[in-house]
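Take a look at the structure below.
The values are calculated or read from the model by the stated rules, or taken from the named source; none is laboratory data. Here the structure is a predicted model, which means the values were calculated and not measured. Please note: Cβ atoms are built from the backbone with ideal geometry, for glycine as well, and neighbour counts cover all protein chains shown. Heavy atoms of the whole protein, side chains included, go into the accessibility calculation; ligands, DNA and RNA do not. Shrake-Rupley method; radii C 1.70, N 1.55, O 1.52, S 1.80 Å.
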Amino acid sequence: MYLTGENDWRPMVQGTAVRGLNVLLCGPPPANPVKLLSCSLMRKLLSETSKDYEFVIMDSSPLLRVPDGRILASLVDGVILVNSGTTPRDLAQRAKTSVSFAGAKIVGVVLNKFSSANDRYYAYGHSN
């Protein structure tokens, strides 16, 4: 694993069925993810991947459950929040505050399981 200093990250990159999309899997859960994500090799990994790829997208754990996502948020150019459609408004606000507190910038939001039929604001002014 690269972050433990065992290997170079480049041979671990895997191609996908989507042209131009490669993935770098995280491997098994580490004993101390906070320490691993905060290490200098993580910053180096982000710096090097940003030079080799036009976009680097990282998936992380939910922001409010464990500190991993907040650590990563402090290291990247932007954060995309993903809302499962069942996230209460106060938790979404706490996630937004958490990202801001980490010094990160929210660049987008993905709404999963969103139904415009149940949203009076979406329906306002739109005809079906």
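Keeping all protein chains in place, calculate the accessible area per residue for the chain (probe 1.4 angstrom), answer in Å². Numbers along the way, then the final one.
Numbers: 9860 Å² over 128 residues.
Counting only protein heavy atoms, the per-residue value for the chain is 77 Å².
Which ³J(HN,Hα) values, rounded to whole Hz and listed in residue order, are derived for region 28-38 from phi using the Karplus coefficients 6.51, -1.76 and 1.60 in 6.51 cos²θ - 1.76 cosθ + 1.60 with θ = phi - 60°, glycine and proline given as x?
My calculation for region 28-38 gives x, x, x, 5, 9, x, 4, 5, 5, 6, 8 Hz in order.
Using the alpha-carbon centroid of each, what span in Å lies between region 1-47 and region 51-97?
If you average the Cα positions of each part, the centres end up 18 Å apart.
Once both labels are modelled 7 Å past Cα along the beta-carbon direction, what's the LEU41-THR16 spacing in nm?
Result: 2.5 nm between the two label points.
Can you pull the percent of Cα pairs in region 1-74 with separation above 18 Å? Don't skip to the answer; put the middle values down first.
Details: 1111 of 2701 pairs.
More than 18 Å apart: 41 percent of the Cα pairs in region 1-74.
Please state the charge dipole magnitude for the chain, taken about the Cα centre, from unit charges on C-beta atoms (+1 on K and R, -1 on D and E), reported in debye and rounded to the nearest 20. Don't jump to the answer; show the numbers that get you there.
Numbers: 14 positive and 10 negative charges, 75 e Å.
Dipole size: approximately 360 debye.
Percent of alpha carbon pairs in the chain separated by more than 22 Å?
Numbers: 3898 of 8128 pairs.
Percentage above 22 Å: 48.
Hey, rough spin-label estimate for ASN7 and VAL107, points 7 angstrom out along Cα→Cβ, what's it come to in nanometres?
2.8 nm
Which of the lysines could a cross-linker span from LYS35 if the Cα-Cα distance has to be under 17 Å and same-chain partners fewer than 8 positions apart are dropped?
LYS44
For region 18-111, which whole-number percentage of the solvent-accessible area (1.4 Å probe, protein heavy atoms only) is attributable to carbon and sulfur atoms? Could you put the intermediate results ahead of the total?
On the way: 3960 of 6820 Å².
Result for region 18-111: 58 percent of the exposed heavy-atom area is carbon or sulfur.
Among all the aspartates and glutamates, which ones have a C-alpha under 16 Å from LYS96's C-alpha, if same-chain residues fewer than 8 places away are not counted?
Leaving aside aspartates and glutamates fewer than 8 places away in the same chain, those within reach of LYS96 are ASP68, ASP77.
Can you tell me the 0 to 90 degree angle between the C-alpha axis of helix 40-52 and the longest principal axis of the chain, rounded to 10?
So the helix axis and the longest Cα principal axis differ by about 80 degrees.
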